[in-house]
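Here is the structure we will look at, set down as structure tokens.
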Amino acid sequence: MAQTARVKERQAAQAQRIKQAQAFMVPNHIDVAILGGGAAGLCAAITAAEALGANKRVVVFEKALESGRTILATGGGRCNFTNANLSFENFSHPEFVQAVCKDKDIFLADILTFFRSSGLAWATEDEGRMYPLTRQASSIQSLLLKRAQKAGVQFALGREVTSVKPQHNGFIVTFKECFAGEKTYKVHASSVVLATGGLTTTKLAESLQLQTTSLRPGLCALTCTPQPPTSLDGKRVRAHATLVRNGAVLKEESGELLFRSFGLSGIMIFNLSRTALPGDVLEIDLLPQLREEEVAAAVEAHTTNGLLDPQIAAYLGAHDSVEATVAKAHKMAFTVTGTSSKVVPQVCIGGISINQVDSITLEAHDIPGLFIAGEALDIDAQCGGFNLSWAWKSGMVAGLAASKSTGQNHASLKEDN
Ligand SMILES: Cc1cc2nc3c(=O)[nH]c(=O)nc-3n(C[C@H](O)[C@H](O)[C@H](O)COP(=O)(O)OP(=O)(O)OC[C@H]3O[C@@H](n4cnc5c(N)ncnc54)[C@H](O)[C@@H]3O)c2cc1C
């Protein structure tokens, strides 16, 4: 009964969102069009609208009926929105990220200043991970939407952009309404910020003749052989892993390992998944900090129960001696067979090539007036709040540069574009 009521409530909320989206008339001329209302798009829209003031139109095109929806799932619903130590080595293309963000302290200060002035209070947890004080991702979404509204940002929700074509005086943005069939509409925009995230950007990049690197899931679970038995499904341990390719060590990582019946998961595995390829070997030490006297005590007591989960010990060798079980726990080996679709990947590795973009403004070299932010670019990072940090900061940079570019006649554009 309660479930039926909840379904009805959800349907009513969805119908209300469609009604609100339909009621918005997309203007024929836009000063800054923001494509994608996720983390980067919202920061770009707020920054552009605050820089331009009330008389200019900043419009976010978002294919979902809600903006900032992608933020809600982050950090397990708590949103690990940044990290106290934003080292550039944690990103792919660290030199490019550094050129955009200047210095790691400035990078962090810019993000915290933005969120402080949006009304956020936060807390710092292990490894510098920062969360809203409420530990609710919805706090971040709602304060961004509130600030965007105050700045005069308009939202074209339920509108999927299907192509962007540069012209002498800006761009023709083509979109369809997700609630009204396949009919497409065209509007003119002086500047465009492309912030459509990782997966769906390729089509828009093609319409702009921008090159993309190949895409693959990152920060995801790995499938492997041997497959962990179902008795270990859901077991978490603190471990150390070494990723080995053709005998050479590629990467090492310490942290949480989560056994799943389909393979290996957990933050440590997510971080290694950015590098791991099928055929690589994961050597796992389940007891990285074990001291000799602790092993001696376990041997004396004839039990591994004080060192290892009993089911893990049984999997390693039910009838083995304590010494043999400990030795196996120090060197488990799994061969990577691929990535698992059972856990949603947190990032998309690859995107629009960074060498086509100016690192000061994030403007495309060959398409004046087009700026690219967030995961749409070929930038990704390890777990810990780094990916959202990039989305916020690149959104701010692109939004500010787009606001400055609106009045300009992009005369350098080639006729055949
Ligand atoms: C489950 C999960 C948990 C995560 N947790 C964290 C975390 O705790 N900390 C962290 O730093 N990172 C985390 N990430 C990664 C982080 O969410 C992304 O890196 C970040 O959201 C990228 O921001 P973006 O704005 O570039 O893209 P997105 O947030 O993906 O936003 C893109 C938006 O564009 C819209 N869109 C796409 N195509 C079109 C189109 N053609 N027309 C109109 N709209 C379009 C999409 O609907 C979407 O709203 C997590 C990711 C996932 C999936």
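The values are calculated or read from the model by the stated rules, or taken from the named source; none is laboratory data. Here the structure is a predicted model, which means the values were calculated and not measured. Backbone-built Cβ (ideal geometry, glycine too); neighbour counts: all protein chains shown. All accessible areas refer to the heavy atoms of the entire protein, side chains included, with ligands and DNA or RNA removed. Shrake-Rupley method; radii C 1.70, N 1.55, O 1.52, S 1.80 Å.
Remarks
- Residues in the stretch 109-120 that are in contact with a helix residue (DSSP H, G or I) (Cβ under 9 Å, 6 or more places away or on another chain) and either open to solvent by less than 60 Å² (accessible area, probe 1.4 Å) or more than 17 Å from A45 (Cα to Cα) (or both): 7 in all.
Matching residues to (1) open to solvent by 50 Å² or more (accessible area, probe 1.4 Å); (2) of a type outside the set (A, V, I, L, M):
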residue	(1), (2)
T202	no, yes
S214	yes, yes
A221	no, no
L232	no, no
K235	no, yes
L257	no, no
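- Single match in G395, G399, G369 (criterion: open to solvent by less than 20 Å² (accessible area, probe 1.4 Å) and at positive phi): G369
- Flag if I30 is at pLDDT 95 or above and either within 13 Å of the ligand (Cβ to nearest atom) or within 15 Å of G374 (Cα to Cα) (or both): no
- Verdict on A148 being at negative phi and part of a strand (DSSP E or B): no
- Every residue from the stretch 173-200 that is over 24 Å from the mean Cα position of the chain (by Cα), aliphatic (A, V, I, L, M) and open to solvent by 40 Å² or more (accessible area, probe 1.4 Å): A180
- For the stretch 237-255, filtered to residues that are closer than 18 Å to E127 by Cβ and touching an Asp or Glu at 6+ places or on another chain (Cβ under 8 Å), the residue that is surrounded by the most Cβ atoms within 10 Å (Cβ to Cβ) is A241.
- For A40, the criteria (1) in a helix (DSSP H, G or I); (2) within 15 Å of the ligand (Cβ to nearest atom); (3) open to solvent by 40 Å² or more (accessible area, probe 1.4 Å) hold in every case but one, which is (3).
- Residue match in the stretch 63-85 (condition: away from the ligand (no atom under 14 Å from the Cβ) and either under 29 Å from G266 (Cα atoms) or aliphatic (A, V, I, L, M) (or both)): no
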